[in-house]
Amino acid sequence: MPYELKHVFASLPQMERGVAKVIGGDPKGNNFLYTNGKCVIIRNIDDHSQFVNCVRFSPDGARFATAGADGQIFLYDGTTGESVGTLGGEKAHGGGIYALSWSPDSSQLISASGDKTVKLWDVGAGTAVTTFNLGSDVTDQQLGCLWQKDHLLSISLSGYINYLDKNNPNRPIRTVKGHTKSIQCLTVHKNDGRSFVYSGIVVFPLTPASHYWDAETGENDCFSGKGHSNQVSKMVTNADNELVSCSMDDTLRYTKLGKKEYSASDVVKMDFQPKSVSVAGGLSLAVCIGQIVLLKDKKKIFTLDNLGYEAEVGALHPSGTTAAVGGTDGKVRLYSIQGNTLKDEGKTLEAKGPITDMAYSNDGAFLAVVDEKKATTAYSVPDGYSVKNEFYGHHAKPVSLAWSPDNEHFATGGMDMMVYVWTVSDPDKRIKLPDSHRLHHVSSLAWIDEHTLATTSHDASVKLWTITY
């Protein structure tokens, strides 16, 4: 009876004649109890009417439980595979069940379901002791659970981890939130003496576009309301305590940080997809595909078309008098801001290659530029944008740059998964953070203070680093 072993769901905790018993599933979704994973069938188990999602042995090995898309939980003898009962009768949950976890003493277990609940079961009685209600939104479906000593945990479709409270089943003790998709950008803002990190992601259905994190405690949440519908490419904060973000959904959004809620009225529709946004002096500069847009009071006041080059990133001087725009041709063009217009003064800066990111120091004294040729160049603004220093170290293209509040250091992150902290006056004085994000490149950087750097990556994590000079 040659069945293919598609999945190994669980293994008996003790060996029997030197062989561990294994539960597997066949292509039809039935369960079989195997002795060695080589299709030696002890018993054909086909009680479920739909695909089996989870099988778990009790810690003492006396029983194992199965849970399926049919909303049922069956119990079996751990030695013979004989059916010994069900939990909840014909229906344990109102939706498919995705996970089970036993209590350490094997007397109880918890189950996680697509009906947005987790249930605590008395295995002996076959009844639910407690039902934990985790919400009503589609993202509140429960896909995983864990009984770890005295802690009961579940995982929602949103990716949030819930610490369940037996005494208050309608409200978790704690919910750990965070991104589950690639993080594209981040920025930092201080409010009432506390620093918050704001991050934006590559948006997928049912995933919030932006999160905010308390830099001191790590506590975080997501913005409420309907936000960007596509990748958030860049975000900054302005003097009005607003988060300004641009997205591949062809919009700029201005979100009040005090409310942490998206507003439909604070959206600016762009003619073309924005790649970058910068703010200073009450102005916003959006660099779009084939277009540069200057905004004030959340309205477009000037548009520059027919550029003659491919603009990639922009930066406003802190004084609000100059807009620097970097292109894929390896040049930085400086535009003077005169009233409500951008004027090309014919001033260009030569970088080593196509520009990937750039930023002015907070005091406006320097402009730092990174390019695809793995070079970083710092220009001295008071000296007519003369080259102050050039910096080398990345093994692959750097894609992000951020200045320290001390205006003496800046950090760069690259496709080589490395972060460098540079000293503007001395290219040889640098700090290297190798493999800062081991799985993916460093997508964005921001400084919380002179000695604390926040980094993020497509590994969906935000990291804080202590920098000591």
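Filter region 203-216 down to the residues that are of a type in the set (A, V, I, L, M, F, W, C) and modelled with pLDDT of 70 or more, then identify the one that is most open to solvent (accessible area, probe 1.4 Å).
That would be TRP213.
Can you tell me which condition GLU408 does not meet? The list is (1) over 31 Å from the mean Cα position of the chain (by Cα); (2) open to solvent by 60 Å² or more (accessible area, probe 1.4 Å), and all the others hold.
That leaves (1) as the condition not met.
Could you please find all residues in region 129-142 being modelled with pLDDT under 95 and open to solvent by 70 Å² or more (accessible area, probe 1.4 Å)?
Across region 129-142, the qualifying residues are SER136, ASP137.
Counting only residues that are modelled with pLDDT of 90 or more, give me the strands (runs of 3 or more DSSP E) lying completely in region 217-267 with at least 3 of them.
Fully inside region 217-267 and qualifying: 232-237, 242-247, 251-256.
Enumerate the strands (runs of 3 or more DSSP E) found wholly within region 328-429, keeping only those where 3 or more residues are among the acidic types (Asp, Glu).
Fully inside region 328-429 and qualifying: 341-350.
Anything in region 156-165 that is open to solvent by 50 Å² or more (accessible area, probe 1.4 Å) and at pLDDT 95 or above? List them, or say none.
TYR163
So which of GLY37, GLY89 is modelled with pLDDT under 75 and open to solvent by 10 Å² or more (accessible area, probe 1.4 Å)?
GLY37
Each row is one residue, and each column tells you yes or no for (1) of a type in the set (Asp, Glu); (2) open to solvent by 70 Å² or more (accessible area, probe 1.4 Å).
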| residue | (1), (2) |
| --- | --- |
| ILE45 | no, no |
| VAL52 | no, no |
| PHE57 | no, no |
| ASP60 | yes, yes |
| PHE64 | no, no |
| ASP70 | yes, no |
| LEU75 | no, no |
| THR80 | no, no |
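Do we have any residue at all in region 139-155 that's farther than 30 Å from SER83 by Cβ and touching a residue at least 60 places away in the same chain (Cβ under 8 Å)?
yes
Would you mind stating whether LYS116 is free of Cβ contacts under 8 Å to residues at least 40 places away in the same chain and on the phi > 0 side of the Ramachandran plot?
Taking the combined requirement at face value, the residue satisfies it.
May I ask you to verify whether VAL325 is closer than 18 Å to GLY200 by Cβ and open to solvent by less than 50 Å² (accessible area, probe 1.4 Å)?
So VAL325 fails the test.
Can you pull out every residue in region 224-273 that is within 19 Å of ALA359 (Cα to Cα) and either outside the structural domain of GLU312 (by the TED database) or open to solvent by 50 Å² or more (accessible area, probe 1.4 Å) (or both)?
Within region 224-273, LYS234, ALA239 meet the criteria.
The values are calculated or read from the model by the stated rules, or taken from the named source; none is laboratory data. What you see is a predicted model, and the numbers here were worked out from it, not measured in a lab. Cβ sites come from the backbone with ideal geometry, for glycine too, and all protein chains shown count toward neighbours. For the accessible areas, the whole protein counts, side chains as well, though only heavy atoms, and no ligand, DNA or RNA atoms are used. Shrake-Rupley method; radii C 1.70, N 1.55, O 1.52, S 1.80 Å.
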